Amino acid sequence: MVTMAHSSLIAILPGDGIGPEVTAEARRVLEALGLDLAFEEAPVGGAAYHQTGNPLPEATLDLAKRADAILFGSVGEPSCDALARHLRPEQAILGLRKELALFANLRPAKLFAGLEDASALRPEVARAIDLLIVRELNGDVYFGEKGMRTTDAGLRQGYDLMSYDEGEVRRIAIAGFAAAQRRRGKLCSVDKANVLETSQLWRDVVIEVAADYPDVALSHMYVDNAAMQLVRDPGQFDVIVTGNLFGDILSDQASMCVGSIGLLPSASLDEGGKGLYEPIHGSAPDIAGQGKANPCAAILSAALMLRHSLGQPAAADRIEAAVASALAAGHRTADLGGTCSTKAMGDAVLAAL
Ligand code: IPM
Ligand code: MG
(Lines give C-alpha, C1' and ligand atoms only; values in the text may rest on other atoms or scores of the structure.)
(Ligands and ions follow the chains in the order given, each with its own letter.)
Protein backbone atom coordinates (compact mmCIF):
# COMPACT_ATOMS: atom_id res chain seq x y z
CA MET A 1 0.00 0.00 0.00
CA VAL A 2 1.23 3.48 -0.82
CA THR A 3 1.39 5.78 2.17
CA MET A 4 1.74 9.53 1.81
CA ALA A 5 4.21 11.18 4.14
CA HIS A 6 2.39 14.49 3.96
CA SER A 7 -0.97 15.53 2.70
CA SER A 8 -0.89 16.13 -1.04
CA LEU A 9 -1.67 19.63 -2.23
CA ILE A 10 -4.08 19.77 -5.15
CA ALA A 11 -4.28 23.05 -7.06
CA ILE A 12 -7.77 23.59 -8.40
CA LEU A 13 -7.89 25.93 -11.39
CA PRO A 14 -11.56 26.03 -12.43
CA GLY A 15 -11.19 28.58 -15.24
CA ASP A 16 -14.04 29.69 -17.48
CA GLY A 17 -17.44 28.59 -18.70
CA ILE A 18 -18.39 25.16 -17.41
CA GLY A 19 -14.94 24.70 -15.81
CA PRO A 20 -16.06 25.71 -12.30
CA GLU A 21 -19.15 23.46 -12.44
CA VAL A 22 -17.30 20.33 -13.51
CA THR A 23 -14.26 20.77 -11.28
CA ALA A 24 -16.57 21.23 -8.28
CA GLU A 25 -17.96 17.73 -8.91
CA ALA A 26 -14.48 16.27 -9.36
CA ARG A 27 -13.42 17.85 -6.08
CA ARG A 28 -16.45 16.38 -4.27
CA VAL A 29 -15.50 12.94 -5.54
CA LEU A 30 -11.88 13.38 -4.44
CA GLU A 31 -13.01 14.56 -1.00
CA ALA A 32 -15.27 11.55 -0.60
CA LEU A 33 -12.33 9.15 -0.85
CA GLY A 34 -11.08 9.96 2.64
CA LEU A 35 -7.50 10.53 1.47
CA ASP A 36 -5.15 13.07 2.96
CA LEU A 37 -5.62 15.79 0.34
CA ALA A 38 -5.48 19.56 0.68
CA PHE A 39 -7.04 21.84 -1.92
CA GLU A 40 -6.19 25.37 -2.96
CA GLU A 41 -8.03 27.27 -5.70
CA ALA A 42 -6.85 30.02 -8.01
CA PRO A 43 -8.29 31.85 -11.01
CA VAL A 44 -7.09 31.11 -14.52
CA GLY A 45 -8.07 32.02 -18.08
CA GLY A 46 -10.70 34.66 -18.82
CA ALA A 47 -11.77 34.67 -15.17
CA ALA A 48 -8.22 35.57 -14.14
CA TYR A 49 -7.91 38.13 -16.92
CA HIS A 50 -11.03 39.94 -15.73
CA GLN A 51 -9.75 39.96 -12.12
CA THR A 52 -6.09 40.74 -12.70
CA GLY A 53 -5.48 41.62 -16.34
CA ASN A 54 -3.48 38.41 -16.80
CA PRO A 55 -4.93 35.02 -17.85
CA LEU A 56 -2.14 33.26 -15.91
CA PRO A 57 -1.40 35.43 -12.87
CA GLU A 58 1.90 34.94 -11.04
CA ALA A 59 0.07 33.65 -7.95
CA THR A 60 -1.74 31.01 -9.99
CA LEU A 61 1.48 29.86 -11.63
CA ASP A 62 3.15 29.73 -8.19
CA LEU A 63 0.35 27.58 -6.82
CA ALA A 64 0.62 25.26 -9.83
CA LYS A 65 4.36 24.91 -9.21
CA ARG A 66 3.95 24.30 -5.46
CA ALA A 67 1.14 21.78 -5.81
CA ASP A 68 1.63 18.03 -6.07
CA ALA A 69 -0.92 17.95 -8.87
CA ILE A 70 -3.25 20.33 -10.69
CA LEU A 71 -6.92 19.85 -11.48
CA PHE A 72 -7.80 22.16 -14.33
CA GLY A 73 -11.29 23.00 -15.62
CA SER A 74 -11.34 24.75 -18.96
CA VAL A 75 -10.48 28.13 -20.46
CA GLY A 76 -12.07 30.18 -23.20
CA GLU A 77 -14.32 33.18 -22.79
CA PRO A 78 -16.16 35.02 -25.60
CA SER A 79 -15.71 38.37 -23.87
CA CYS A 80 -11.97 37.91 -24.44
CA ASP A 81 -12.17 37.12 -28.17
CA ALA A 82 -10.99 40.55 -29.23
CA LEU A 83 -7.96 40.63 -26.94
CA ALA A 84 -4.38 40.42 -28.20
CA ARG A 85 -3.25 36.80 -28.36
CA HIS A 86 -0.98 36.97 -25.30
CA LEU A 87 -3.95 38.05 -23.15
CA ARG A 88 -6.36 35.37 -24.36
CA PRO A 89 -7.63 32.76 -21.87
CA GLU A 90 -6.06 29.93 -23.92
CA GLN A 91 -2.61 31.37 -23.16
CA ALA A 92 -3.10 30.26 -19.56
CA ILE A 93 -3.23 26.55 -20.36
CA LEU A 94 -0.50 26.86 -22.98
CA GLY A 95 1.63 28.76 -20.45
CA LEU A 96 1.09 26.15 -17.72
CA ARG A 97 1.99 23.32 -20.10
CA LYS A 98 5.16 25.10 -21.13
CA GLU A 99 6.23 26.54 -17.75
CA LEU A 100 5.80 23.21 -16.01
CA ALA A 101 7.28 21.24 -18.93
CA LEU A 102 4.16 19.09 -19.18
CA PHE A 103 5.09 17.53 -22.50
CA ALA A 104 3.23 14.21 -22.40
CA ASN A 105 -0.52 14.41 -22.76
CA LEU A 106 -2.38 11.14 -22.20
CA ARG A 107 -5.91 11.01 -23.59
CA PRO A 108 -7.57 7.63 -23.08
CA ALA A 109 -10.81 6.81 -24.90
CA LYS A 110 -12.88 3.77 -24.15
CA LEU A 111 -16.55 3.06 -24.67
CA PHE A 112 -18.47 2.75 -21.40
CA ALA A 113 -20.95 -0.12 -21.34
CA GLY A 114 -24.41 1.17 -22.15
CA LEU A 115 -23.25 4.14 -24.18
CA GLU A 116 -23.32 2.40 -27.56
CA ASP A 117 -26.33 4.49 -28.52
CA ALA A 118 -24.49 7.74 -27.76
CA SER A 119 -21.55 7.00 -30.04
CA ALA A 120 -21.52 8.51 -33.49
CA LEU A 121 -20.45 5.06 -34.73
CA ARG A 122 -22.34 1.81 -35.13
CA PRO A 123 -22.48 -0.09 -31.81
CA GLU A 124 -20.30 -3.00 -32.96
CA VAL A 125 -17.65 -0.55 -34.15
CA ALA A 126 -17.81 1.63 -31.04
CA ARG A 127 -17.67 -1.30 -28.63
CA ALA A 128 -14.16 -2.15 -29.80
CA ILE A 129 -12.70 1.23 -28.79
CA ASP A 130 -10.04 1.10 -26.10
CA LEU A 131 -7.25 3.43 -27.11
CA LEU A 132 -4.86 5.97 -25.70
CA ILE A 133 -3.70 9.06 -27.55
CA VAL A 134 -0.27 10.23 -26.39
CA ARG A 135 -0.08 13.81 -27.61
CA GLU A 136 3.09 15.92 -27.53
CA LEU A 137 2.28 19.14 -25.70
CA ASN A 138 5.26 21.48 -25.67
CA GLY A 139 6.15 21.94 -29.33
CA ASP A 140 4.80 21.97 -32.89
CA VAL A 141 2.93 24.91 -34.47
CA TYR A 142 1.58 25.73 -31.03
CA PHE A 143 4.92 27.08 -29.85
CA GLY A 144 6.81 27.94 -33.04
CA GLU A 145 7.47 31.48 -34.19
CA LYS A 146 4.19 33.07 -35.15
CA GLY A 147 2.95 36.40 -36.32
CA MET A 148 1.11 38.57 -38.77
CA ARG A 149 2.85 40.64 -41.38
CA THR A 150 2.19 42.34 -44.66
CA THR A 151 3.66 40.75 -47.75
CA ASP A 152 5.51 42.69 -50.43
CA ALA A 153 2.29 42.53 -52.44
CA GLY A 154 0.52 44.32 -49.58
CA LEU A 155 -1.45 41.27 -48.41
CA ARG A 156 -1.92 40.40 -44.75
CA GLN A 157 -0.18 37.12 -43.96
CA GLY A 158 -0.36 34.97 -40.82
CA TYR A 159 2.31 32.38 -40.04
CA ASP A 160 3.03 29.73 -37.40
CA LEU A 161 6.23 27.74 -37.62
CA MET A 162 5.86 23.98 -37.24
CA SER A 163 9.02 22.49 -35.79
CA TYR A 164 10.30 19.72 -33.55
CA ASP A 165 13.81 18.94 -32.48
CA GLU A 166 14.88 15.36 -31.97
CA GLY A 167 14.98 15.66 -28.18
CA GLU A 168 11.33 16.69 -28.11
CA VAL A 169 10.36 13.80 -30.37
CA ARG A 170 12.46 11.29 -28.44
CA ARG A 171 10.90 12.00 -25.07
CA ILE A 172 7.33 11.75 -26.32
CA ALA A 173 8.19 8.64 -28.33
CA ILE A 174 9.53 7.07 -25.11
CA ALA A 175 6.29 8.02 -23.34
CA GLY A 176 4.35 6.37 -26.17
CA PHE A 177 6.37 3.15 -26.12
CA ALA A 178 6.20 2.95 -22.32
CA ALA A 179 2.42 3.39 -22.44
CA ALA A 180 2.13 0.66 -25.09
CA GLN A 181 4.17 -1.69 -22.87
CA ARG A 182 1.69 -1.15 -20.03
CA ARG A 183 -1.24 -1.83 -22.40
CA ARG A 184 -1.56 -4.19 -25.38
CA GLY A 185 1.91 -3.62 -26.85
CA LYS A 186 0.88 -1.74 -30.01
CA LEU A 187 2.04 1.75 -30.91
CA CYS A 188 0.88 3.68 -33.96
CA SER A 189 2.86 6.84 -34.69
CA VAL A 190 0.78 9.39 -36.56
CA ASP A 191 2.47 11.99 -38.75
CA LYS A 192 2.38 13.58 -42.19
CA ALA A 193 5.81 12.39 -43.33
CA ASN A 194 4.74 12.35 -46.99
CA VAL A 195 4.63 16.16 -46.92
CA LEU A 196 6.29 17.62 -43.81
CA GLU A 197 9.98 17.66 -42.86
CA THR A 198 8.93 17.95 -39.22
CA SER A 199 7.14 14.63 -39.66
CA GLN A 200 10.11 13.02 -41.41
CA LEU A 201 12.26 13.79 -38.39
CA TRP A 202 9.43 12.56 -36.15
CA ARG A 203 9.29 9.25 -37.98
CA ASP A 204 13.09 8.79 -38.05
CA VAL A 205 13.38 9.38 -34.31
CA VAL A 206 10.41 7.15 -33.44
CA ILE A 207 12.07 4.34 -35.42
CA GLU A 208 15.35 4.90 -33.52
CA VAL A 209 13.57 4.75 -30.16
CA ALA A 210 11.76 1.55 -31.24
CA ALA A 211 15.07 -0.33 -30.98
CA ASP A 212 14.78 -0.09 -27.18
CA TYR A 213 11.26 -1.55 -27.20
CA PRO A 214 11.41 -4.83 -29.12
CA ASP A 215 8.26 -6.00 -27.34
CA VAL A 216 6.16 -3.16 -28.82
CA ALA A 217 4.75 -3.49 -32.36
CA LEU A 218 5.29 -0.13 -34.06
CA SER A 219 3.33 1.11 -37.06
CA HIS A 220 3.12 4.47 -38.81
CA MET A 221 0.11 6.22 -40.24
CA TYR A 222 -0.44 9.51 -42.02
CA VAL A 223 -2.75 11.76 -40.07
CA ASP A 224 -5.43 11.98 -42.75
CA ASN A 225 -5.61 8.21 -42.91
CA ALA A 226 -5.63 8.04 -39.11
CA ALA A 227 -8.66 10.34 -39.01
CA MET A 228 -10.41 8.01 -41.44
CA GLN A 229 -9.34 4.81 -39.65
CA LEU A 230 -10.55 6.21 -36.31
CA VAL A 231 -14.13 6.12 -37.53
CA ARG A 232 -13.76 3.12 -39.86
CA ASP A 233 -12.15 0.70 -37.40
CA PRO A 234 -11.08 2.34 -34.12
CA GLY A 235 -10.62 -1.08 -32.51
CA GLN A 236 -7.34 -1.45 -34.41
CA PHE A 237 -5.66 1.17 -32.19
CA ASP A 238 -3.99 0.61 -28.85
CA VAL A 239 -1.65 3.60 -28.31
CA ILE A 240 -1.37 6.46 -30.80
CA VAL A 241 1.60 8.79 -30.41
CA THR A 242 1.47 12.07 -32.28
CA GLY A 243 2.35 15.75 -32.32
CA ASN A 244 0.58 18.60 -30.62
CA LEU A 245 -1.73 19.72 -33.44
CA PHE A 246 -2.62 16.30 -34.82
CA GLY A 247 -3.23 15.05 -31.27
CA ASP A 248 -5.53 17.97 -30.53
CA ILE A 249 -7.68 17.17 -33.55
CA LEU A 250 -7.68 13.37 -33.29
CA SER A 251 -8.61 13.43 -29.60
CA ASP A 252 -11.73 15.53 -30.23
CA GLN A 253 -12.63 13.08 -32.97
CA ALA A 254 -12.05 10.08 -30.68
CA SER A 255 -14.35 11.60 -28.09
CA MET A 256 -17.41 11.44 -30.33
CA CYS A 257 -16.57 7.83 -31.14
CA VAL A 258 -17.16 7.02 -27.45
CA GLY A 259 -20.28 9.12 -27.09
CA SER A 260 -19.40 12.61 -25.94
CA ILE A 261 -16.58 15.04 -25.51
CA GLY A 262 -17.92 15.36 -21.96
CA LEU A 263 -16.42 11.97 -21.13
CA LEU A 264 -12.74 12.24 -22.01
CA PRO A 265 -10.18 13.08 -19.33
CA SER A 266 -6.52 13.86 -19.83
CA ALA A 267 -3.24 13.85 -17.97
CA SER A 268 -0.41 16.21 -18.91
CA LEU A 269 2.83 14.98 -17.37
CA ASP A 270 6.39 16.20 -16.95
CA GLU A 271 9.49 13.98 -16.87
CA GLY A 272 9.01 13.29 -13.16
CA GLY A 273 5.32 12.40 -13.16
CA LYS A 274 3.99 15.71 -11.90
CA GLY A 275 0.84 16.45 -13.76
CA LEU A 276 -2.00 18.69 -14.73
CA TYR A 277 -5.35 16.95 -15.18
CA GLU A 278 -8.13 18.33 -17.30
CA PRO A 279 -11.11 17.29 -19.37
CA ILE A 280 -10.31 17.48 -23.07
CA HIS A 281 -13.43 19.60 -23.61
CA GLY A 282 -13.48 23.36 -23.69
CA SER A 283 -15.39 25.93 -21.65
CA ALA A 284 -18.70 25.53 -23.57
CA PRO A 285 -19.87 29.11 -22.95
CA ASP A 286 -23.25 28.32 -24.52
CA ILE A 287 -24.23 26.11 -21.56
CA ALA A 288 -22.08 27.68 -18.83
CA GLY A 289 -23.75 28.30 -15.47
CA GLN A 290 -26.82 26.23 -16.34
CA GLY A 291 -25.87 23.04 -14.53
CA LYS A 292 -26.05 21.09 -17.79
CA ALA A 293 -22.42 20.15 -18.30
CA ASN A 294 -21.24 16.58 -18.02
CA PRO A 295 -18.80 16.34 -15.08
CA CYS A 296 -17.57 12.85 -16.03
CA ALA A 297 -14.50 14.04 -17.94
CA ALA A 298 -13.43 16.14 -14.93
CA ILE A 299 -14.15 13.32 -12.49
CA LEU A 300 -12.21 10.87 -14.65
CA SER A 301 -9.37 13.41 -14.81
CA ALA A 302 -9.25 13.27 -11.01
CA ALA A 303 -8.90 9.48 -11.31
CA LEU A 304 -5.94 9.93 -13.66
CA MET A 305 -4.42 12.29 -11.08
CA LEU A 306 -4.66 9.67 -8.37
CA ARG A 307 -3.03 7.12 -10.64
CA HIS A 308 -0.26 9.16 -12.23
CA SER A 309 0.71 11.79 -9.63
CA LEU A 310 -0.52 10.66 -6.23
CA GLY A 311 0.39 6.97 -6.16
CA GLN A 312 -3.21 5.90 -5.49
CA PRO A 313 -4.10 3.50 -8.30
CA ALA A 314 -6.76 1.69 -6.28
CA ALA A 315 -8.61 4.96 -5.63
CA ALA A 316 -8.36 5.75 -9.34
CA ASP A 317 -9.90 2.39 -10.18
CA ARG A 318 -12.72 3.05 -7.71
CA ILE A 319 -13.61 6.36 -9.35
CA GLU A 320 -13.55 4.89 -12.83
CA ALA A 321 -15.75 2.00 -11.72
CA ALA A 322 -18.16 4.44 -10.07
CA VAL A 323 -18.47 6.52 -13.26
CA ALA A 324 -19.00 3.35 -15.30
CA SER A 325 -21.71 2.09 -12.99
CA ALA A 326 -23.49 5.47 -12.78
CA LEU A 327 -23.57 5.58 -16.59
CA ALA A 328 -24.63 1.95 -16.86
CA ALA A 329 -27.49 2.67 -14.45
CA GLY A 330 -28.76 5.28 -16.92
CA HIS A 331 -27.63 8.50 -15.27
CA ARG A 332 -26.84 10.84 -18.13
CA THR A 333 -26.38 14.53 -18.76
CA ALA A 334 -27.83 16.28 -21.81
CA ASP A 335 -24.80 15.64 -24.03
CA LEU A 336 -25.61 11.92 -23.70
CA GLY A 337 -29.31 12.45 -24.30
CA GLY A 338 -30.22 12.43 -20.60
CA THR A 339 -31.74 14.91 -18.17
CA CYS A 340 -29.27 14.78 -15.24
CA SER A 341 -27.87 18.08 -14.06
CA THR A 342 -24.14 18.41 -13.48
CA LYS A 343 -24.68 18.02 -9.75
CA ALA A 344 -27.09 15.08 -10.11
CA MET A 345 -24.48 13.31 -12.23
CA GLY A 346 -21.88 14.00 -9.53
CA ASP A 347 -24.33 12.64 -6.93
CA ALA A 348 -24.82 9.47 -8.98
CA VAL A 349 -21.06 8.91 -9.15
CA LEU A 350 -20.72 9.58 -5.41
CA ALA A 351 -23.53 7.13 -4.66
CA ALA A 352 -21.80 4.50 -6.80
CA LEU A 353 -18.54 5.07 -4.90
C1 IPM B 1 -7.13 21.06 -25.73
C2 IPM B 1 -7.63 22.41 -26.10
C3 IPM B 1 -6.48 23.41 -26.08
C4 IPM B 1 -5.47 22.96 -27.11
C5 IPM B 1 -6.86 24.89 -26.28
C6 IPM B 1 -7.87 25.34 -25.27
C7 IPM B 1 -5.66 25.79 -26.25
O8 IPM B 1 -8.25 22.37 -27.35
O9 IPM B 1 -6.59 20.91 -24.62
O10 IPM B 1 -7.29 20.13 -26.52
O11 IPM B 1 -5.57 23.32 -28.29
O12 IPM B 1 -4.53 22.25 -26.74
MG1 MG C 1 -8.50 20.41 -28.12
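In the set (1) under 16 Å from Val29 (Cβ atoms); (2) surrounded by fewer than 24 Cβ atoms within 10 Å (Cβ to Cβ); (3) among the β-branched types (Val, Ile, Thr), Val323 fails one condition alone, (2).
When you go through (1) open to solvent by 10 Å² or more (accessible area, probe 1.4 Å); (2) within 11 Å of ligand 2 (Cβ to nearest atom) one by one for Asp224, which number turns out not to apply? Just one mismatch for Asp224, condition (2). Kindly indicate whether Ala217 is surrounded by fewer than 22 Cβ atoms within 10 Å (Cβ to Cβ) and among the small types (Gly, Ala, Ser). Yes; evaluated as a whole, the condition is true for this residue. Among all positions in segment 275-285, there is no residue which is part of a helix (DSSP H, G or I), aliphatic (A, V, I, L, M) and crowded, with 16+ Cβ neighbours inside 10 Å. Looking at segment 131-138, is at least one residue more than 14 Å from ligand 1 (Cβ to nearest atom) and open to solvent by 40 Å² or more (accessible area, probe 1.4 Å)? Scanning segment 131-138, I find no residue that is more than 14 Å from ligand 1 (Cβ to nearest atom) and open to solvent by 40 Å² or more (accessible area, probe 1.4 Å), so the answer is no.
Working only within segment 26-76, note down all residues that are within 29 Å of Val349 (Cα to Cα) and part of a helix (DSSP H, G or I). Matches in segment 26-76: Ala26, Arg27, Arg28, Val29, Leu30, Glu31, Ala32, Ala47, Leu63, Ala64. For first residues located in segment 237-260 and within 25 Å of Asp335 (Cβ to Cβ) and open to solvent by 10 Å² or more (accessible area, probe 1.4 Å), partners that are more than 10 Å from ligand 2 (Cβ to nearest atom) and in a strand (DSSP E or B) and lie 6+ apart or on another chain with Cβ distances below 6 Å form the pairs Phe246/Val190. The single condition among (1) without any contact (Cβ under 8 Å) to a residue 40 or more places away in the chain; (2) open to solvent by 50 Å² or more (accessible area, probe 1.4 Å); (3) in contact with a Lys or Arg (Cβ under 9 Å, 6 or more places away or on another chain); (4) not in a helix (DSSP H, G or I) that Glu271 does not meet is (1).
Of all the residues in segment 77-89, those that are more than 13 Å from ligand 1 (Cβ to nearest atom), touching a Phe, Trp or Tyr at 6+ places or on another chain (Cβ under 7 Å) and not in a helix (DSSP H, G or I) number 0.
Whether any residue in segment 21-32 is hydroxyl-bearing (Ser, Thr, Tyr), out of contact with any His (no Cβ under 8 Å at 6 or more places or on another chain), modelled with pLDDT of 95 or more and not assigned by TED's automatic domain parsing to the domain that holds Tyr159 is what I want to check. Taking every residue of segment 21-32 in turn, at least one turns out to be hydroxyl-bearing (Ser, Thr, Tyr), out of contact with any His (no Cβ under 8 Å at 6 or more places or on another chain), modelled with pLDDT of 95 or more and not assigned by TED's automatic domain parsing to the domain that holds Tyr159.
Taking segment 150-260 as the region of interest, the helices (runs of 4 or more DSSP H) fully inside it that hold 1 or more residues being touching a Pro at 6+ places or on another chain (Cβ under 7 Å) and modelled with pLDDT under 95 are 244-257. Val44 - would you say it is in contact with a helix residue (DSSP H, G or I) (Cβ under 6 Å, 6 or more places away or on another chain), within 16 Å of ligand 2 (Cβ to nearest atom), in contact (Cβ under 8 Å) with a residue 12 or more places away in the chain and within 28 Å of Ala175 (Cβ to Cβ)? The answer is no for Val44. The requirement of being of a type in the set (S, T, N, Q), surrounded by fewer than 21 Cβ atoms within 10 Å (Cβ to Cβ) and free of Cβ contacts under 8 Å to residues at least 12 places away in the same chain is not satisfied by Asn194. Taking segment 280-297 as the range and being touching a strand residue (DSSP E or B) at 6+ places or on another chain (Cβ under 6 Å) and within 13 Å of ligand 1 (Cβ to nearest atom) as the test, the residues that pass are Ile280, Gly282, Ser283, Ala297.
The values are calculated or read from the model by the stated rules, or taken from the named source; none is laboratory data. Note that this is a predicted model, so its numbers are computed, not measured. For neighbour counting, all protein chains shown are included, and Cβ atoms are generated from backbone atoms with ideal geometry for every residue, glycine included. The protein model used for the area step is the full one, side chains on, heavy atoms only, and it has no ligands, DNA or RNA in it. Shrake-Rupley method; radii C 1.70, N 1.55, O 1.52, S 1.80 Å.
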